[in-house]
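Report on the following structure.
The values are calculated or read from the model by the stated rules, or taken from the named source; none is laboratory data. From a predicted model like this one, the values you see are computed outputs, not experimental measurements. Note: ideal-geometry Cβ built from the backbone for every residue, glycine included; neighbour counts use all protein chains shown.
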Amino acid sequence: MPNSNEPERPRVEPEILPPDRSGRNGQNWPPPPYGYTAGANGSQRIFITRIGPLGFGLATLVIGLFAVVLLLLLISTALIWLPFVAAIVILGAVVGALRRL
């Protein structure tokens, strides 16, 4: 029986391909700066690059727009419930005044 304190050895060795034999026959290289590609044999790649000034500005604009919409939704929710809360407070005051009579 093997020792239980020893870590289990990997069952499959990873295949490490050198850069010159990576199987990119006929594919356009270098890859696009971003995006997702799926190979014919089921392999997948995701390419990521640094964001530029235009991309940063657009991302900031989208985040700001999302924050404004969320704030407006929060304020409108409070404004919708304000008459209901006021009606309950007024109803409570009227019921309290009628009990004293």
(message) Which residue is modelled with the lowest pLDDT, if the candidates are limited to segment 37-62 and must be in a helix (DSSP H, G or I) and surrounded by 10 or more Cβ atoms within 10 Å (Cβ to Cβ)?
(response) 55
(message) As an exercise: evaluate residue 84 against (1) surrounded by 10 or more Cβ atoms within 10 Å (Cβ to Cβ); (2) assigned to a helix (DSSP H, G or I) and give the number of the one condition it does not meet.
(response) (1)
(message) Regarding segment 27-36, can at least one residue be identified that is loosely packed, with under 10 Cβ neighbours inside 10 Å, out of contact with any Pro (no Cβ under 6 Å at 6 or more places or on another chain), in a loop (DSSP other than H, G, I, E, B) and at pLDDT 65 or above?
(response) no
